[in-house]
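Some notes on the structure that comes next.
Laboratory data are not the source of any read-out in this text; all were calculated from the coordinates shown. These figures come from a predicted structure and were not determined experimentally. With ideal geometry, Cβ positions are generated from the backbone for all residues, glycine too; neighbour counts draw on all protein chains shown.
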Amino acid sequence: MNKILLLCVLIVPYTILAVLPLLLPSKPGSFCSQKSSKADIKPTRTQIPDLRVLAATSSGQVIPTPEQIEEERLVEDEQVTLAGDWLKDQDPRQRVIGAEQLSAYPTRKAGDHLLDALRNDASAEVRSAAAESLGFFESAEKNILDSLISALSDSDAAVRSSAFSSLQVLLNLSENNQAVQKHIESQLKELLEIRHLPDEVRDAIQSYLDDNTTSLE
């Protein structure tokens, strides 16, 4: 009898300890509450960002809207028109500023203004600025290249130097265009036949042809 009583005394506390947690509500942050909360969370779909947006964001830039692009184009047109008006000013210094300003807007309209100044302006300083600005254009169009070649025989040394520098820049941009390279090579060879061509221009042209003719054959 004593043994049975002792056994009951020992079993009852353990039974209470085992049952008690089941009767009490689980505390926030307990394993049970975390498990049930996870079950209620719906998986969210990860959205893949547009590459243009990602590039603009990483570089700190904002992708312009079509309206902003159009507005920017209108501003460029206004700037080109303004610089073109400066090229008509009576003050050569103002015309130089106009020619330099057009280097920032390498459009066809800007190119026309610069070509006109290169061919016809009475000021050598303006012609030199126009020749230099043409070197900022991204495409080597035939009329620009031909005008720069013609400017190599200009009466002013600064104009000739600016024209040759811009010509080299544009030729480097079109180094993979065999048609352009051969056309320029032909034009330069014809220019060498002009007897009154300044010596420094003749030497520069001959040096260019020596370095590039072989690769074009």
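Give me the number: length gained by fully extending E76 to K182, i.e. 0.36 nm times residue separation minus the C-alpha to C-alpha distance, one decimal in nm. Numbers along the way, then the final one.
Details: separation 106, 0.36 × 106 = 38.16 nm, distance 3.40 nm.
Full-extension gain reported as 34.8 nm.
Ranked from highest to lowest mean number of other Cβ atoms within 10 Å per residue, what is the order of the peptides 79-87, 170-178?
Packing proxy ranking, top to bottom: 79-87, 170-178.
Kindly identify region 168-217 as rounded, prolate or oblate by the Cα gyration tensor criterion: order the square roots of the eigenvalues as a ≥ b ≥ c, call it rounded if a/c is under 1.5, otherwise compare a/b with b/c, prolate if a/b is larger, else oblate.
prolate
Listed highest first by mean packing, meaning other Cβ atoms within 10 Å per residue, what order do 129-136, 98-105, 180-187 come in?
The packing order, highest mean first, is 129-136, 98-105, 180-187.
Would you mind getting me the FRET efficiency between L197 and E125? Use the beta-carbon distance for r and R0 = 35 Å, nearest 0.05. List each step's numbers first, then the result.
Numbers: r = 22 Å, r/R0 = 0.63.
Here the calculated transfer efficiency is 0.95.
Between E141 and V169, with labels modelled 7 Å along Cα→Cβ, what's the label distance in nm to one decimal, could you check?
With each label placed 7 Å out from Cα toward Cβ, I get 1.7 nm.
Scan around D156 for amide H atoms under 5 Å from its own, H built in the peptide plane at 1.01 Å from N, and keep only partners 5 or more places away or cross-chain.
It is none; the list stays empty.
Once the piece of chain linking E100 and D116 is laid out straight, how much longer is it, given 0.36 nm per residue of separation minus the C-alpha distance between them?
Values: separation 16, 0.36 × 16 = 5.76 nm, distance 1.41 nm.
Result for the pair: 4.4 nm of gain on full extension.
Students often get this wrong, so check it: of K88/K109; K109/K189; K88/K189; K142/K182, which have C-alpha atoms separated by over 23 Å?
In this structure, K109/K189; K88/K189 lie more than 23 Å apart at Cα.
In whole Hz, with x marking every Gly and Pro, tabulate ³J(HN,Hα) for region 106-113 from phi via Karplus 6.51 cos²θ - 1.76 cosθ + 1.60, θ = phi - 60°.
x, 9, 4, 5, 5, x, 5, 4
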